Amino acid sequence: MAENDEYVRQVATNRKARYRFFIEDTFEAGMELVGSEVKSLRQGNCSIEESYAKPEGDEMFLYGMHIAPYAQATVDKPDPDRRRKLLLHRAEMARIISRCNQRGYTLVPLRVYFKAGWAKVELGLARSRQVADKREKEMAKQKRRDVDSALGRRAGRREKR
């Protein structure tokens, strides 16, 4: 593998995040992991459905991410739901914190993956969707399906003739 090639292996995704929130911007952050958490992550034993990131002082932490204990670990098994420090550049963290302090914004993890051997998390700067917004999105999706199916049937009929 060449130096410029970046191998990315997906571990977990937060599929409901794009439904529940408007994602305005995304950021990539490293995670500070301990002991056997890396091996457990490599096995895919991770859940980020109910997790969120929050700044504390001049640092950023990820809460609610569950990494199941590694089965073969013998000593020092960390708490599966502990908070995990996120590793970001200072300037990037300052920009994220300033936007998070605005009313209605939150940081939601979108996916966890390994990039060139390092555990990373993709964070989305998000605003919550209202119920009406969710309905609107579902109706637009249904309209697209109807149009696609109608066009598909017409094209099929023309070909048969």
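Please treat every number below as a calculation from the coordinates, not as lab data. Note that this is a predicted model, so its numbers are computed, not measured. Ideal geometry is used to build each Cβ from the backbone, glycine not excepted, and the neighbour counts take in all protein chains shown.
Note on the chain: Cα-only Rg and Dmax are 20.4, 72 Å.
Straight-line cross-link reach from residue 141 at under 22 Å between alpha-carbon atoms covers these lysines, not counting any fewer than eight positions away in the same chain: 16. Remark: spin-label model distance residue 146-residue 59 equals 5.4 nm, labels positioned 7 Å along the Cα→Cβ axis. Look at 144, 83 and count the other Cβ atoms within 10 Å of each Cβ; fewest to most, that gives 144, 83. Where only DSSP H runs of four or more residues are counted, the chain gives -10000 deg cm²/dmol as its mean residue ellipticity at 222 nm, each run worth -39500 (n - 2.57).
About the centre of its Cα atoms, the stretch 18-113 shows a dipole size close to 160 debye [charges on the beta carbon of Lys, Arg (+1) and Asp, Glu (-1) only; nearest 20 debye].
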